[in-house]
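For reference, the structure discussed in these notes is given below.
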Amino acid sequence: MQRNILALIMALFVFCSGRAASEEEPVRIGVVLPMSPPGAYASGNPMWWAVQQAVDEVNARGGILGREVEAVLGDTRGVPEEARAVTERLITRDRVVGVVGNYHSSCALAALDLFRDHHVPYIAAEPWADDVTALGYEEVFRISVTNSLYRDITVDWMISSGFESIAAVQEITDWGLGVNEKLTQAWNEAGIRNETAFTDVKTEDFTGTLLRFTQWSPPPDMLFGSITGPGAYRIIKQAYDIGLAPSPQTVFYATNECLHPEVWEVAGEAARYITVTQIGLPPFAHNMVTRQENARFEQEHDRTMNATVMEAYDSFMLMCEAIEDAGCAHPDSIIRALENIEWKGMRGTYTFPYGTDNPVPEDQPDYMWHQWPDVTLYLFQYTEVGQSPEEGTVIWPPEWSQLPEGQYYVPVPE
Amino acid sequence: MLELRDVYAGYYPDMNILQGVSMTAEEGTITSVIGTNGVGKSTLLKTVYGFLSPRKGTIALEGKSIAGANPYRMPELGLTYIPQRRNVFPEMTVEENLQLGGWTFRRDKARIRRQLEENYDRFPILRNRRKQRAGNLSGGQQRMVELGRAMMIEPRLMLVDEPTAGLAPKVAAEIYDKLQALRDEGITVVLVDQNVRQAIEVSDYVYALALGKNMAEASRGGFEELRNKLREWL
Amino acid sequence: MYGADYLIAQAANGLVVGCLYALMAVGLTLIFSVLKVINFAHGEFYMVGGYTAYYMVTVLGGLHPLLGIFFAMIVLLGLGSLFEVAFLRPIHLGAVNRPAEYAILITFGLSFFLQNLVLSLAGPFPHRSPSFMSGGLTVGPVTISADRLIAAGLALVLMIALMLFIRATWTGKAMRAVSQDRDAAAVSGINPFKMNNIAFGIGASLAGASGALIAPIFAVVPDVGVLPSLRSFVIVVLGGMGSVKGALIGGVAIGLVESLGAALIPDPSRALAYRELYGLVIFVLVLLFRPQGLFGEKQ
Ligand SMILES: Nc1ncnc2c1ncn2[C@@H]1O[C@H](COP(=O)(O)OP(=O)(O)O)[C@@H](O)[C@H]1O
Ligand SMILES: [Mg+2]
């Protein structure tokens with residue numbers, strides 16, 4: 001720590017001195033998100049609302065470096081080529097001092113070398129692909145979970161629950177294929193019988209696919225509806241309508257798309273008892289920041305922030321904090337500041353222990369580079385129709401579980 | 001009945017196919033327009049019927065200008081037209097084809113029925129074929145469907161473009177007979193034809209075009225002279 | 001390997017979904033047959049139809065869900081007609097230099113515009129209309145929700161009504177006449193511009209009806225029409241460009257192929273991976289061996 005602080009002071013001295021701060025110019029931070037089709041605009045839009053909330057707050061307390069902060073939005077539309085083009089535009093035309101955001105891993109990966117080549121700090125908000133940080137770029141940080149971490153935690157739950165057979169419906173996207181590769185490998189290692197049906201993410205009717213799984217005897221212990229977008233809700237309703245899951249025999253495990261209240265509008269009672277992941281802290285572990293920001297957001301937008309939305313808020317705030325710490329907007333100073341940061345956001349206290357001065361140790365995976373190590377997730381079940389995620393029953397990990405010891409999910413009553 | 005004065009028209013800007021054509025068709029006659037391939041005979045009929053707008057000159061029906069009116073307005077004026085290319089509605093039955101000829105008075109069921117009967121009397125072969133798909137008929141029979149469809153509105157003036165092109169001589173002769181019969185019913189016919197000999201034979205008045213301009217004209221008495229002139233010219 | 005019950009259940013589902021596919025494709029083929037324009041905004045008419053029904057039923061009117069369909073059809077009829085007059089008529093007036101490219105760009109532009117307009121008006125989250133009727137019907141091994149049965153039934157009714165309309169009414173015949181020979185129709189006094197307008201309006205309205213029919217089943221989002229519109233192109237080519245009967249049978253066929261294909265191919269990861277691809281395989285086969293489609297006319 002001592003050494004780090006010294007390095008920071010050095011860096012400030014070296015890079016910030018002699019640079020005339022243009023007092024009038026706002027500090028521009030790029031925000032890349034899927035705001036319109038074909039991307040995951042249902043996530044991108046609320047993420048952008050959260051960023052605007054952050055901007056308002058920062059400016060209300062005087063901005064950063066005494067200057068106003070401005071978030072410059074780039075709509076990736078979820079298309080990697082567009083993500084690359086829009087990121088390049090933010091860097092070269094809008095001259096942003098840092099970039100935050102992204103929802104789709106494919107979009108983050110397509111633009112990743114731009115951050116390296118233009119030497120612009122980037123905080124990945126939601127991309128899960130290991131490579132985002134595993135590539136070890138000096139400029140790239142991440143506060144979301146990685147595919148591997150996600151697998152480790154959720155497969156532990158599946159093994160503890162005693163699942164012997166798993167049926168999965170998997171969307172064909174970079175994200176879906178990445179998750180599936182990791183999960184099937186883990187399932188096979190654990191000796192869990194599994195079968196994945198791949199499908200287009202925009203599929204309206206999964207019934208044919210699901211009917212196939214009704215032919216299993218005995219029925220699968222778990223059905224994984226690994227679909228994002230509105231398909232996430234449809235598949236629940238369709239699986240329920242044909243009696244497959246959630247049912248007394250089969251647990252339905254859904255994507256975190258189902259954190260949105262629309263799950264009730266589309267899937268209705270079918271969504272009661274589904275299991276969902278939240279990449280954050282359970283409500284009883286929320287801190288003051290979480291509560292305060294969530295309340296503001298809810299007042300404005302009539303819905304609570306889910307973990308993905310919090311990531312957008314936190315990544316933007318984190319960038320602001322780093323610039324403030326750096327004392328100037330020079331990239332080297334910001335990167336140094338991020339490597340040394342300890343900032344409490346909505347999802348916990350952010351640190352990036354593995355970086356320039358402290359390389360990822362041998363016994364740690366490569367993706368730990370500039371990765372927030374304390375990122376966490378928990379699993380919960382909706383137990384009543386119309387519940388908010390916060391009202392659901394936490395079932396995993398055991399230290400947070402609200403179930404009796406030895407029980408890992410709430411079974412559907414016969 | 002129909003009078004064109006100094007008409008200019010064409011398909012592309014700055015390129016006139018018709019370069020000052022004038023002609024008159026008297027009521028109750030067959031007036032022919034002859035000329036070699038590509039001189040603009042079909043273009044002339046398309047211009048009269050409104051598929052092209054004249055860029056200069058006048059077109060008048062019984063003294064009233066019809067220049068630039070939309071083709072679909074023509075039946076109301078008592079005008080009808082049989083284009084050069086095949087133009088039955090191939091997927092529909094013969095009867096549906098004929099019925100559609102009466103589109104402008106479709107609400108008058110009795111009149112539609114009456115006109116259908118009249119056309120079946122004119123072209124008895126169509127009566128037997130009335131439930132058949134028009135596209136399946138022979139070339140001559142399709143021409144009859146086109147004639148019948150045109151006759152539905154009881155036109156005063158009929159424009160006919162190369163009605164016998166591609167037909168066997170016997171069938172062609174039958175078509176010319178029908179045209180004369182229509183004239184005898186009191187219908188004014190403007191006939192465009194490459195078949196100079198046949199056209200002159202059935203006509204009351206003949207115009208010869210060359211390169212979008214009037215070249216010669218003659219009434220019945222002067223046909224011999226016209227023939228010689230044409231022979232010389234070719 | 002699988003029992004008859006299973007196959008019957010799959011076939012029944014394919015049949016029901018196929019009727020919905022067909023209704024949308026029928027609108028597309030009608031537009032193509034009369035205007036000779038491929039409507040790349042067809043999926044967005046479907047989407048707008050879904051949203052119209054949703055808002056009429058939930059927010060504005062509190063109408064019965066079945067009336068929502070009716071409103072969606074009216075709204076799309078108006079929207080389609082207006083768009084035709086404003087943007088497609090110039091093609092048929094000869095006022096456009098490159099009509100084919102123009103038609104693609106203008107309908108594609110409309111599609112993009114509508115997606116983003118609805119995204120900004122209705123927000124990014126999905127909406128589902130209330131059910132037409134709760135519950136379902138179980139016959140032997142087959143259980144189908146009442147919503148799906150009603151939607152498929154109404155789709156069939158609408159398609160049959162359309163076929164009767166174009167077969168037996170004057171306007172219907174005039175539309176067919178324009179589709180078969182535009183100039184000859186004009187010669188007979190049929191206003192081809194008016195027929196374009198009616199055909200486009202009806203086509204859009206049928207797309208709107210399909211959207212309204214699926215709104216309680218699949219829910220609507222701003223890009224809900226993208227996949228259905230691709231599928232409609234496949235169906236229209238399969239059935240024969242411009243053939244209404246072809247689109248009906250083609251739609252049901254694609255529904256069956258998708259579900260039986262998914263049902264019968266042994267390895268599920270492959271069987272289901274590109275369910276939509278079965279349609280594309282058929283698309284390519286048709287283009288190679290019977291380019292005029294099942295019910296199309298040889299040129
Ligand atoms: N639709 C058209 N577009 C452009 N040019 C045409 C068209 N139809 C005919 N032409 C041209 O106009 C000229 C006259 O054609 P046309 O009137 O059909 O001659 P005719 O009927 O006397 O054989 C020809 O040079 C022909 O190439
Ligand atoms: Mg000609």
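May I ask for the distance between the Cα centers of segment A:72-140 and segment C:231-262, given as a whole number of Å?
Using only Cα atoms to place each centre, the spacing works out to 42 Å.
Please quote Rg/Rh for segment A:117-191 to two decimal places, taking the Kirkwood radius as Rh and restricting both calculations to Cα atoms.
Checking Rg against Rh, the ratio lands at 1.08.
Which distance in Å, rounded to a whole number, links the C-alpha centroids of segment B:178-200 and segment A:317-359?
95
Write down the Kirkwood hydrodynamic radius of segment A:298-347, to one decimal in angstroms, obtained as one divided by the mean of 1/r over all alpha carbon pairs.
Taking every pair of different Cα atoms in segment A:298-347, averaging 1/r and inverting gives 11.9 Å.
Taking the Cα centre of segment A:321-414 as origin and charging only Cβ (+1 Lys, Arg; -1 Asp, Glu), how large is the dipole, in debye to the nearest 20?
Result for segment A:321-414 is approximately 140 debye, rounded to the nearest 20.
A:ARG296: accessible area at probe 1.4 Å, nearest 10 Å²?
A:ARG296 has an accessible surface of roughly 100 Å² with all protein chains in place.
What percent antiparallel are the DSSP beta bridges of chain B, to the nearest 5?
55
5 Å is the cut-off here: which amide hydrogens, built 1.01 Å from N in the peptide plane, fall below it relative to A:LYS344, excluding neighbours closer than 5 in sequence?
A:TYR350
Counting Lys +1, Arg +1, Asp -1, Glu -1, what net charge surrounds A:GLU311 among other residues with beta carbon under 9 Å of its beta carbon? Could you put the intermediate results ahead of the total?
Details: positive: A:ARG347; negative: A:GLU126, A:ASP314.
Net of charged neighbours comes to -1.
May I ask for the angle, rounded to the nearest 10°, between helix A:105-118 and the longest principal axis of chain A, with both axes built from Cα atoms and the value confined to 0 to 90°?
The angle comes out near 10 degrees.
Sorted by accessible area (1.4 Å probe), largest first, how do A:SER226, B:SER219 line up?
On the way: A:SER226 0, B:SER219 55 Å².
Highest to lowest solvent-accessible surface, that is B:SER219, A:SER226.
Using only Cα atoms, locate the centre of segment C:62-137 and the centre of segment B:125-148, then give the distance between them in Å, rounded to an integer.
41
Which log10 I(q)/I(0) values does segment A:265-414 give at q = 0.08, 0.09, 0.10, 0.21 Å⁻¹ under the Debye formula, counting every alpha carbon as one identical point scatterer?
Log10 I(q)/I(0), no solvent term: -0.31, -0.39, -0.47, -1.28.
Can you give the net charge of the other residues whose Cβ lies under 15 Å from the Cβ of B:LEU77, counting K and R as +1 and D and E as -1?
-2
Once the Cα atoms of helix C:65-83 and of chain C are each reduced to a long axis, what angle between those two axes, in degrees from 0 to 90 to the nearest 10, is obtained?
30
Evaluate the Debye formula for chain A with equal point scatterers sitting on the alpha carbons, no solvent, and hand back log10 of I(q)/I(0) at q = 0.08, 0.13, 0.14 Å⁻¹, in q order, two decimals.
Scattering profile of chain A, log10 relative to I(0): -0.43, -1.08, -1.24.
I'd like to know which of B:SER219, C:GLY250, C:LEU63 lies farthest towards the positive end of the charge dipole of the protein assembly as shown, counting +1 on Cβ of Lys and Arg and -1 on Cβ of Asp and Glu.
So the residue we want is B:SER219.
Over all directions, how big on average is the projection of the convex hull of the alpha-carbon atoms in segment B:1-121, in square nanometres?
Result: a mean projected hull area of 9.1 nm².
Which whole-number value in Å² is the accessible area per residue of chain A, probe 1.4 Å?
37
With the cut-off at 1.5 for a/c, could you classify segment C:1-133 from its C-alpha gyration tensor as rounded, prolate or oblate?
oblate
Name the most mobile residue of A:ALA245, A:ALA83, A:ALA134, meaning the one with the largest mean-square fluctuation, in a Gaussian network model of chain A with Cα contacts below 10 Å.
A:ALA134
Quick one: what are the phi-derived ³J(HN,Hα) couplings along segment C:202-211, Karplus 6.51/-1.76/1.60 with θ = phi - 60°, whole Hz, x for glycine and proline?
Couplings: 5, x, 5, 5, 5, 4, x, 4, 4, x Hz.
Rounded if a/c is under 1.5, else prolate if a/b beats b/c, else oblate: with a ≥ b ≥ c from the C-alpha gyration tensor eigenvalues square-rooted, which is segment C:182-265? Don't jump to the answer; show the numbers that get you there.
Values: a/c = 3.45, a/b = 1.69, b/c = 2.04.
It comes out oblate by the Cα gyration axes.
Where Rh is the Kirkwood radius over the Cα pairs of segment C:16-92, the temperature 37 °C and the viscosity 0.692 mPa s, what D in µm²/s does Stokes-Einstein return?
Stokes-Einstein gives a translational diffusion coefficient of 243 µm²/s.
In segment A:188-321, with Lys and Arg counted as +1 and Asp and Glu as -1 at Cβ, which of these residues, A:THR209, A:THR304, A:PRO219, has the Cα nearest the positive end of the dipole, that is, farthest along it?
Going by the Cα projections, it comes out as A:PRO219.
Would you mind working out the magnitude of the charge dipole of segment C:1-134 relative to its Cα centre, with +1 at each Lys and Arg C-beta and -1 at each Asp and Glu C-beta, to the nearest 20 Debye?
200
Please compute the volume of the convex hull spanned by the alpha-carbon atoms of the protein assembly as shown and report it per residue in Å³.
213
With springs only between Cα atoms under 10 Å apart, run a GNM on chain B and tell me which of B:THR31, B:THR164, B:THR93 wobbles the most.
In the Gaussian network model the winner is B:THR93.
Roughly what angle does helix A:80-92 make with the longest principal axis of chain A, taking Cα atoms, 0 to 90 degrees, to the nearest 10?
The angle comes out near 20 degrees.
Evaluate E = 1/(1 + (r/R0)^6) for A:ASP366 and A:SER217, where r is the Cβ-Cβ distance and R0 equals 35 Å; express this FRET efficiency to the nearest 0.05.
With a Förster radius of 35 Å, E is 0.25.
Total accessible area buried between chains B and C, 1.4 Å probe, in Å² to the nearest 100?
Between B and C, the summed buried area is about 2100 Å².
Quote the accessible area belonging to B:GLU201 in square angstrom, nearest 10, computed with a 1.4 Å probe and with ligands, DNA and RNA left uncounted.
Accessible area of B:GLU201: about 100 Å².
What residues from segment A:112-148 fall in the zone where the backbone N is under 17 Å from a label point 7 Å along the Cα-to-C-beta line of A:ALA285?
A:143-146, by backbone N distance to the label point.
What do you reckon, how do C:LEU248, A:LEU33 stack up by accessible area (1.4 Å probe), largest on top?
Output order, biggest surface exposure first: C:LEU248, A:LEU33.
Given +1 on the Cβ of Lys and Arg, -1 on the Cβ of Asp and Glu, and no further charges, what dipole in debye does segment A:115-251 carry about its Cα centre, rounded to the nearest 20?
360
Beyond 29 Å between alpha-carbons counts as too far, so tell me which of B:LYS178/C:LYS36; B:LYS46/C:LYS173; B:LYS64/C:LYS194; B:LYS64/C:LYS173 fall in that bin.
In this structure, B:LYS178/C:LYS36; B:LYS64/C:LYS173 lie more than 29 Å apart at Cα.
Explain nothing, just compute: Karplus ³J(HN,Hα) = 6.51 cos²θ - 1.76 cosθ + 1.60, θ = phi - 60°, for every residue of segment A:269-276 in order, whole Hz, x for Gly and Pro.
5, 4, 7, 5, 5, 5, 9, 9
What figure in square angstrom, to the nearest 10, would you give for the accessible area of A:TRP175 with a 1.4 Å probe?
Its heavy atoms expose roughly 50 Å² to the probe.
Write down the Kirkwood hydrodynamic radius of chain C, to one decimal in angstroms, obtained as one divided by the mean of 1/r over all alpha carbon pairs.
19.6
Picking from A:ASN340, C:ILE282, B:GLN132, whose Cα lies most toward the positive end of the charge dipole for the protein assembly as shown (charges on Cβ: Lys, Arg +1; Asp, Glu -1)?
Most positive-ward Cα: B:GLN132.
Relative contact order of chain C, please, whole-number percent, based on alpha carbon pairs below 8 angstrom and at least 6 residues apart.
This gives 37 percent for chain C.
The values are calculated or read from the model by the stated rules, or taken from the named source; none is laboratory data. Since the structure is predicted, the reported quantities are computational estimates derived from the model, not experimental observations. All Cβ positions, glycine included, derive from the backbone under ideal geometry; neighbour counts span all protein chains shown. Ligands, DNA and RNA are excluded from the accessible area calculation, which covers all protein heavy atoms including side chains. Shrake-Rupley method; radii C 1.70, N 1.55, O 1.52, S 1.80 Å.
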